[in-house]
Structure formats: structure tokens, C-alpha cells
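The values are calculated or read from the model by the stated rules, or taken from the named source; none is laboratory data. Not measured: the values here are computed from a predicted model. Neighbour counts are summed over all protein chains in view; Cβ atoms, including those assigned to glycine, are modelled from backbone coordinates with ideal geometry.
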Amino acid sequence: MDLFEDDTPQGAGEGNMPEFTVSELSGAVKRVIEGEFGFVRVRGELGRISRPRSGHLYLDLKDDSSVISGIVWRGVASKLEMQPEEGMEVICTGRLTTYPGQSRYQIIIEDMRPAGLGALMAMLEKRKAMLQAEGLFDPARKKPLPFLPEIIGVVTSPSGAVIRDILHRLRERFPRKVLIWPVAVQGKTSAAEVARAIEGFNKFTPGGALPRPDLLIVARGGGSVEDLWGFNEEIVARAAAASRIPLISAVGHETDTTLIDFVSDRRAPTPTAAAEMAVPVRMELLARTGEGQLRLTRALTHRLEVRGQRLRDLARALPRAETLLDQPRQRLDLLSDRLPQALMRGVDRRRLALSHPAGALRPALLTRMLATRAEALGRRADRLSIRPIQREIALGADRLKALGKRLDDAGARRVEAPRDRLDALDRLLQTLSYKGTLARGYAVVRGEGGQVLTSVAAAREASGLEIEFADGQMKIGGGAASGKPKAAGKPPEQGSLF
């Protein structure tokens, strides 16, 4: 019999009805709902999305007249291909269950997808309007691209045709260093990897071991809206807007448009076009340089010709160098003729000026002046006495004599001590010298080469001997001392060396 089926006859006593606890009744309802429905697909509009710190998602799924609560557990929420947003129409797959604690039923969502292309485009337009309101699409904030970047960073898949097209085009136009950051360009992890790649390139140190690029290219080939959806995510758009490195967006074909195209500094219709925007054509630069050099040479040549012609015109207006010296040379000749006469007149004028003072000087006057001066000088000499000076000279002579005697005594004493020391050392030298030993009866035996012989064997081998005594030397032939030494009684006592 079904739990909710009532077979009690009408009018029967209430005591015959079964009684349930609240938990029993809630469990029965839970079993019925989970058993009848199991996994279901529900289409509706998202509303009231809550994201607590636990990582789970709590949301409402509604239509025009009804609302059902939904839960996305943390493990499933991290794997969703899209981030739920309020107002988005989605199709959710999950299982129905109840929550007895609040007497409500809910759906545990295992998968969530947009309800068709219209839902995706509506969400894209909403997200685009939000970013535009924040000013991320403002042309004033876009950075100019470097004319010739040294290093180019490319964010794309390393195995696709996109990176080959970019590298091939760069080699054709102007070879540059390229750093590739491999990412997934579609799928669940695409948006997070692209955002991390843009932020990672910006964290490089300029001029470091792995230098920061001068330009970034985010590239992907064409595809459907769902394939390109990773580049419509908010985290990618914000990472591109926050990039300090100029960024070129090359996602999809010319007709494809994503959010990163609006926030990037430049949009390229294709990845190949992005490579063409990144660098100029090397041959064109060489041609422009050659043309500029040719124009500069022509301008310099024309300038020199104009200046030369002007200089020649001015030179014709100038007088010749020899004519410039004619007048000074004539003036010099005139002055040279007038110089002797001027010198004679100068001498006569000075002689006349000296004749007036000379006439005032007479010999008698000079004699009287000299006599007066001599008398005055004699009176001054009488006042000067030389006796004090003589006494001072005598005292100085005595003092000098005493100092001379003291100096002689000190010099004698200073020499006497070293002389005694030198005599003692000389006596010690005579005592220690081998000649003093020879004087006491010893002799030195040398060979032909002058070496001293100290044994009988050495004397026998020598071809000649030289014996040195105190009063001279004597040479003898070899073998003179050969033979056995004669036995003797007690050898004479040597005596002390000192």
C-alpha cells in the first residue's frame, strides 16, 4: 500500500490513521522525488547567484511563473565551461532532491550550458556593456606599438598552425626574438591560462635573464562562438586591459569578434596580420634608409656648391693682397725719412734743458758743502767710543778658546774608545787566525789545485803537495809521504789552540 494512500472508510475514527514523525515524512517525500525523477534537464533563467567562501554556488532557476533552487558543488563549479551570470538562460543537468531542513526541493546541478547562441550573445552584450562603462574600451588608454620590438611574446597554442604562420611572417619581414607562452586556446581552462600568460609576461624583469617582451600577441585561429568563448571571459579582458606591454589581439578570422579585441591596444584580423603589425619590412627599411642617405648626400652637395659660389662672389669683391700693403709700405718709408731729424731735435731739446741746472752749480759752492759735511761727520765720530767693543771682543776670544779646548778633549775621548776596541778585536783575530796556529808548529797541506788535504789517503792520491809553514811554503812531489807511518811512542802533545 502506498504511503500516502488513505483506505480508511469515510466517517471512521481518526484513531485508525497512521502517525508519522516529521523526519519520517520528509524522508518519504525525498525518496519519492529522487525515485521518480532522478537526472533531469531543466531550461530556465539564472537569478540570485550566491558565491560563499566555501566555493559552492547557490542560485535560482526560474521561468515566467516558477522558481526552483539550484546548487553547484565546488568541484563541479571549478569545471564549468562558463561562469554563471544573473539573467543568463541556461540548460542545467542534475538530479532533484529535497532539503528537509527548510522543507523545499532543489536541483543538484552537474552540468550547465547556455541555452543556445542567443543566450551566449545576450550574456556577451551584457558583459561588454559593463566593461565599456568602466572605460576599458576607451581609445585614450590604448598604448602605441613599438616601431621595432626587440622581443615579441606570443600567447597561443604551441602545436597549431597559428604559431607557425606568425614565425614564418616574422622571418620574412624582420627576424626578431620570440618568446612563446603555450596555452589552451579553447576549453574549460582556456580563459585562466590566457590570463595567467598575459600577467606572467608583464612580471618579467626588463633586461633580466629572461627579458620582458616589448610587444605581446594573443593569437588563435578561427572557430565557432563556443570555441572562441574563452577570449570573451572577463578575466581575459581585464588581464589584457591591465597589461603594461602593448598587446595585439589576433583571435579568429576577420569576421570573429571577442571581448579581448575591444580592450587590446590593436586588433589584427588574423594572426598573420598581427605579425605584419608587429614589425616593419626589413627591405623597405633598407630602401628608405638608402633613399634618405641619397637625399642627404644631394642636399649636402647642393649646400656646398651654394656656399662655394657665394664665397667666390665675395672673393671677387675683395682687393688683392699686394694692393692692401701698398699704402702701409709708403707710410713706413715716409716715417723712416723723418726719424733721423726727429731724433736730432730731441737731443738738442734735452741738452738745452740740462744747461740751466748745470750753470747754477759752482766749484766753490761744492767745496764749502763738502767741508761742512766732513766737519759734521768728525763730530759724530768723536762721540763713538771703541773701548766697549774691544772688551766684548776680548771676552768672546776667551770664550772661543775655552770651547775649542773642550771640543779637542771630547774628540780625543770619542776616538780613544773605538781605538781600544779595534786593538782588542785585532788581537783576537791574530789568536783565531790559522797563521797563529802555524806559528805554534802546525802546517797546512794542499794539493795541486790548492785544496786542503786532511787525510793520508788524499795525500797519496795527490800528484803534488804544497806544505805551508809559518815562515813560508814548500812543494814536494807526489808519493813523498807514501808508506806506512812510523810507529811512535807517545805523540807530542798538541797544546791548546788559544
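Quick one: residue 447 ticks every box in (1) loosely packed, with under 13 Cβ neighbours inside 10 Å; (2) modelled with pLDDT of 80 or more except a single one, so which number is it?
Looking at each condition in turn, residue 447 falls short on (1).
Say whether the condition of being under 30 Å from residue 262 (Cα atoms), at pLDDT 85 or above and of a type outside the set (D, E, K, R) is met by at least one residue in region 122-129.
Yes.
Please specify each residue of region 39-94 satisfying the condition of being on the phi > 0 side of the Ramachandran plot and basic (Lys, Arg).
48
Look at region 435-474 and say how many of its residues are of a type in the set (A, V, I, L, M) and not in a strand (DSSP E or B).
The number of residues fulfilling the criteria is 10.
Taking region 200-231 as the region of interest, how many residues are among the aliphatic types (A, V, I, L, M), under 24 Å from residue 83 (Cβ atoms) and assigned to a loop (DSSP other than H, G, I, E, B)?
2
Yes or no: region 36-53 includes at least one residue that is assigned to a helix (DSSP H, G or I), farther than 19 Å from residue 234 by Cα and not assigned by TED's automatic domain parsing to the domain that holds residue 231.
For region 36-53, residues assigned to a helix (DSSP H, G or I), farther than 19 Å from residue 234 by Cα and not assigned by TED's automatic domain parsing to the domain that holds residue 231: present.
Among the residues of region 238-258, how many are within 35 Å of the chain's Cα centre (by Cα), of a type in the set (A, V, I, L, M) and buried (at least 21 other Cβ atoms within 10 Å of the Cβ)?
Adding up the residues that qualify gives 5.
For residue 149, are the conditions met, namely being out of contact with any Asp or Glu (no Cβ under 7 Å at 6 or more places or on another chain), within 25 Å of residue 202 (Cβ to Cβ) and not in a helix (DSSP H, G or I)?
no
Does residue 81 fit the bill of being among the acidic types (Asp, Glu), touching a residue at least 40 places away in the same chain (Cβ under 8 Å) and part of a loop (DSSP other than H, G, I, E, B)?
Answer is yes for this residue.
Rundown of residues vs (1) surrounded by fewer than 19 Cβ atoms within 10 Å (Cβ to Cβ); (2) free of Cβ contacts under 8 Å to residues at least 40 places away in the same chain; (3) closer than 22 Å to residue 229 by Cα; (4) of a type in the set (A, V, I, L, M, F, W, C), yes/no style:
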residue	(1), (2), (3), (4)
159	yes, yes, yes, no
179	yes, yes, no, yes
185	no, no, yes, yes
213	no, no, no, no
217	no, no, yes, yes
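With respect to residue 178, determine if the residue is under 31 Å from the mean Cα position of the chain (by Cα), under 17 Å from residue 221 (Cβ atoms) and part of a strand (DSSP E or B).
no
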